[in-house]
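Take a look at the structure below.
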Amino acid sequence: MFASDRLALPDEILLSVEKPERYIGGEVNSVIKDKTAVDIRFAFCFPDVYEIGMSHIGIQILYGLFNSYPDVWCERVYSPWTDLDQILRDKKIPLFTLESQEPVRNFDFLGFTLQYEMCYTNVLQVLDLSGIPLYARDRKDADPLVIGGGPCTYNPEPVADFFDLFYIGEGETQYRALFDLYISCKKSGLSRDEILAAMARQIPGIYVPSLYDVTYREDGTIEEMRPNVPEVPEAVTREVVRDLSDVYYPSAPLVPFIKVTQDRVALEIMRGCIRGCRFCQAGQLYKPLREKDLEACKKSALEMLRSTGHEEISLCSLSSSDYSQLPVLLDYLIDTAGREHVNVSLPSLRIDAFSLDVMSKVQDVKKSSLTFAPEAGSQRLRDIINKGLTEEDILHGAEQAFLGGWHKVKLYFMLGLPFETAEDIEGIGDIANKIAAVYFDTVPKEARGGQSVEITASTSFFVPKPFTPFQWAAMHTKEDFLDRAQMTKQGIMAQLNQKRIRYSWHNADESVMEGIFARGDRRLSGVIHKAYRDGCMYDAWSEQFHFDRWMKAFEACGLNPAFYYLRERPEDEVFPWDFIDIGVTKQFLLREWREARAGRKSSNCRISCLGCGAARFGTGICPGADKSQPNGTERTAV
Amino acid sequence: MREFFDYRLKFSKNGPIRYVGHLDVVRYMQKANRRAELPMSYSEGFSPHQILSVALPLPVGATSDGEYLDMRLTQELAPDEIVSRLNKVMHEGIEARDCMLLAEHAPKAMTVITAAGYRMQLRNADIFREDPGCALKDFLSRKEILVKKSTKKGETTVDLIPLIHGWTVGEDGELEIILHAGSRDHVKPALLYEAFLGSLGLAFQPQMLAVHRLDLYESPAEGKFVPLIPKSV
Ligand code: SF4
């Protein structure tokens, strides 16, 4: 009676691990192909646990896109949780993909999406469990090509030694060309190194770290980074989709069995952002703002709801309030929702009369909360970070919301922003208090229904990121961060309405590590390797994170963590990520850094172009944009 | 005019999907109903949900040919049509097998169940010194099988013999058995094997036992067991 089925793991193992559903595949809309009928087998990995990885929209897009090619079979793999990890090591079972349940090491490509820095040791875990050499230089022709993508590849240097190549930019544009080149290289019997060199030379957006040499100055900063073979580009330009309405988007996304973080249809409505918040990396990386047109959004929404059976849909973008067709789109969705029992889950919208009206239609105002992200406690500091939200906006928005029946408010701030002073920190308690006061002034006692205002203030510690105006800024020590959190707490405690305000803050150790990786260089590969060997894994999970092991790894490698995060960088420093051209220029970022220092805010793309450099992609909101150009960079002549 | 129509659906759960837990099967069925565009009846409120309930949760790892789900539709459909519409959108391993329209105000499946049929086998028969089939036959032929059962009120001792409604043991120790089930005196398959191995001085772990559920039964008369959807003649 024992079913012999396609699973890689025997029942005894599956029944002894937590959530075996993570490892069985077979989800609705997963793709099974005949492996003998394809030229390329691509294993796509999100290096974290299944529930996190399955919630990621980028994987859904590329999974669908790759599988739309008849000659490619793309499968998925996630980090096994620590229980299965141990079993796989003990029993020497190679890590497998979910679809075919076959060992990852037999694939042509192993692709990682790098969404946050704290997943780096999990990349090593996946390589290790797959039986693939951790360092790219140790791999042989038969090993898969290990390719990285995602936001962290805008500074791939800390993990450069572990990857054969990186794809810099939006995945929709060049993978077909990359696959074609791979197939033809294989046919002509080229070696691994020859294939990689051909990719670096011929495919825009491809970066092969082994083809570049880095030299350092005595002070530890970079002297220069240059290709070590001819015809490899000095700068790698980010790939950009020109027309979002005319690019692949999945009509039948995967539907996991387990309840994952995002158990709903995700509809991407635009990419990029018009607002130049100076701390925000995404705001610069995905410029210019490109909207998907209304009809394309509607069509996509219906298709996905039908093919998945999901009961909820959410909109995806960096700042949905800036989508020009938002009222029409939401009307349409709420109308459809009303008929088909679909919940519309709203992204964080700017709080105003419009958004409150929409929210009141789809949420229970008594239970849901309003979200404001002032990010800084004073107008002075909000100008410095170029966050265009004023105290007046917040108090006015809160007042309208209280009149509409809401009583829960969430506030998000950052601590340790450049040029932050004690007054800025005190401002956090002050604004929370004022919101509570607005509630008591607006809602008379009889109208409160036994409830009162509940304010939750959360702070995260600011981490400077590459390609932002704050890429030159110093970060703070853990102790300094915790002092700031303490000051915030005292500031809140001193308020009249302090009983109505709750305060929580992030773990400082993790922010410090994130800060080191974010602006790190190639030498960190050794540290990551050492830390992994010493048992670091799942660093994004607080209970699995061991700061002490990391500090020991630095020591063992003879590197000083302070160099990476505590220094303010001089304006002329060469950064590890300078070889990447994201469109936005370093001069523009420097100008913004100086403006910040001077306490001056900047405009946004809709009011006036700032000349950031992204206009050269010729699309989106930029002056002179022309969407009629094909998606992606023209393929360079071979 | 009826405002809604309650149906009882029988489905199977085989293959890798046996690792999908009970609550996730419910979520799976909700999504399948939507993909099949069945006119489901929804609860009120800001997050409406389909009105449906599973008869008896199946342990993770067990397969089944006899799962039941009661669900409420707003329109009358032919039971065959419900089955075929669902099977068009079902995925590997879950298959709609049968369906019937329930009478108005009929009691829910979970309240009428009296017994569940299983086929079971131990995975590692090598733990036995003798033939596992013989040992199992001897065990089930006892006059009484006393086991400790933990209930909400604490631990009680129960005799399993009156709760076993028939069994056969195959050559390789494969057991087919009908166990009492439902809200009172429910016997979990693992409980029986725990007692069996215990009687031989062996320790039981859930992963040792392969479980396949054959069907769920109700009792129109004392001592009579018919499947929740009677076999069509
Ligand atoms: S070039 Fe101008 S409009 Fe285009 S993204 Fe940059 S600032 Fe905005």
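No value in this document is a laboratory result; all are computed from the given coordinates. What you are looking at is a predicted structure, and each value in this text was computed from that prediction instead of being measured. Note that we place each Cβ from the backbone using ideal geometry, even for glycine, and neighbour counts take in every protein chain shown.
Segment A:Lys499..A:Leu566, full-extension length gain: 20.5 nm, with 0.36 nm per residue of separation and the alpha-carbon distance subtracted. Calculated on the Cα set of the protein assembly as shown, radius of gyration then Dmax: 30.3, 92 Å. Only Lys, Arg, Asp and Glu carry charge here, each on its Cβ (+1 for the first two, -1 for the last two); on that basis the protein assembly as shown has a dipole of about 1000 debye about its Cα centre.
Put a plus charge on the Cβ of each Lys and Arg, a minus charge on the Cβ of each Asp and Glu, and nothing anywhere else: the dipole of region A:357-421 about its Cα centre is then about 300 debye.
Computing FRET efficiency as 1/(1 + (r/R0)^6) for B:His22 and B:Ala125, where r is the C-beta to C-beta distance and R0 is 35 Å, gives about 0.75. Computed from label points 7 Å out along Cα-Cβ, the spacing between A:Cys316 and B:Lys153 is 5.4 nm.
Per-residue ellipticity at 222 nm computed for chain A from its helices equals -10000 deg cm²/dmol, with DSSP H segments shorter than 4 residues left out and the rest contributing -39,500 (n - 2.57). Of the trypsin sites (Lys or Arg not before Pro) in region A:364-420, the ones in a loop by DSSP (not H, G, I, E or B) with at most 15 other beta carbons within 10 Å are A:Lys366, A:Lys367. Placing pseudo-labels 7 Å out from each Cα toward the beta carbon at B:Asp172 and A:Gln544 gives an inter-label distance of 3.8 nm.
Take the Cβ atoms of A:Asp335 and B:Ser43, set R0 to 22 Å, and the FRET efficiency comes out at 0.60.
Charges were assigned to the Cβ only: +1 to each Lys and Arg, -1 to each Asp and Glu. The resulting dipole of region B:113-227 about its Cα centre is roughly 500 debye.
Under 29 Å Cα to Cα from A:Lys408, which lysines show up? Leave out anything in the same chain fewer than 8 places away. In chain and number order, the partners are A:Lys259, A:Lys361, A:Lys366, A:Lys367, A:Lys387, A:Lys434, A:Lys445, A:Lys489, A:Lys499. For region B:113-227, the mean projected area of the C-alpha convex hull, equal to one quarter of the hull surface, is 7.4 nm². Legend: mean number of C-beta atoms from other chains within 10 angstrom of residue C-beta atoms, peptide A:6-15, equals 4. Partner lysines whose Cα lies under 20 Å from the Cα of B:Lys149, excluding those fewer than 8 positions away in the same chain, are identified as B:Lys188. For B:Lys224, the aspartates and glutamates whose Cα falls under 19 Å of its own Cα, not counting residues fewer than eight places away in the same chain, are B:Glu176, B:Asp185, B:Asp215. Kirkwood-type hydrodynamic radius, region A:4-237: 18.4 Å, calculated from all non-identical alpha-carbon pairs.
In loop segments of region A:1-56 as defined by DSSP, the GluC sites (Glu not before Pro) with at most 12 further C-beta atoms inside 10 Å of their C-beta are A:Glu18. Here's the picture: charge each Lys and Arg Cβ at +1 and each Asp and Glu Cβ at -1 in region A:4-237, and of A:Ala43, A:Tyr167, A:Asn122 the one pushed furthest to the positive end of that dipole is A:Ala43.
One chain, two ends: A:Asp364 and A:Lys91. Fully extended at 0.36 nm per residue, the span grows by 93.2 nm beyond their Cα-Cα distance. Modelled spin-label separation between A:Asp138 and A:Tyr412, with each label point placed 7 Å from Cα along the Cα-to-Cβ direction: 4.0 nm. For region B:1-108, the set of trypsin sites (Lys or Arg not before Pro) satisfying both a DSSP loop assignment and a count of at most 15 other C-beta atoms within 10 Å is given as B:Arg2, B:Lys108. P(r) tail, region A:400-457: Cα-Cα pairs separated by more than 19 Å, 38% of all pairs. Counting only DSSP beta bridges whose two residues both lie in the protein assembly as shown, roughly 55 percent are antiparallel.
Think of region B:5-111 as a dipole: +1 on every Lys or Arg Cβ, -1 on every Asp or Glu Cβ, centred on the Cα centre; then among B:Ser41, B:Leu58, B:Pro79, B:Leu58 lies furthest on the positive end. Counting Cβ atoms of other protein chains within 10 Å of each Cβ in A:335-345 and taking the mean gives 2. Can you give me the Cα centroid spacing of region A:31-65 and region A:449-478 in angstrom? Region A:31-65 and region A:449-478 have Cα centres spaced 33 Å from each other.
Couplings 3J(HN,Hα) for region A:437-447, derived from phi with the Karplus relation 6.51 cos²θ - 1.76 cosθ + 1.60 (θ = phi - 60°), are 4, 4, 4, 5, 6, 8, 9, x, 3, 5, 8 Hz, where x marks Gly and Pro.
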